[in-house]
Amino acid sequence: MLQQKKVSELDFSCILKPETLACLDRWSQLGNEDEFVAKVFFTLREMYTVVRGRLNHSTTTKDTFVATPQYKGA
């Protein structure tokens, strides 16, 4: 995986700060053991899943309905 892309080019890297990405890019070029690299990437993917799950997603369902009721207390 790391032979084709840098860590900063992977999908789950969007949750990390630029300084952290720079460190991981440099670290990934050192040629560490595959088992250790797999554990680090598994952890990063899990962190990404948790962060993505906590984001507020706004839906477009209310945009589909033309006459949505407007409540005064809303």
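The values are calculated or read from the model by the stated rules, or taken from the named source; none is laboratory data. Quick caveat: nothing in here was measured; it's all calculated off a predicted structure. Ideal geometry is used to build each Cβ from the backbone, glycine not excepted, and the neighbour counts take in all protein chains shown.
Summary table below
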{"quantity": "Of residues in region 29-74 being of a type in the set (Lys, Arg) and at pLDDT 80 or above, the one surrounded by the fewest Cβ atoms within 10 Å (Cβ to Cβ)", "calculated": "Lys39"}
{"quantity": "Members of region 7-28 that are surrounded by 14 or more Cβ atoms within 10 Å (Cβ to Cβ) and not in a helix (DSSP H, G or I)", "calculated": "Leu10, Leu16"}
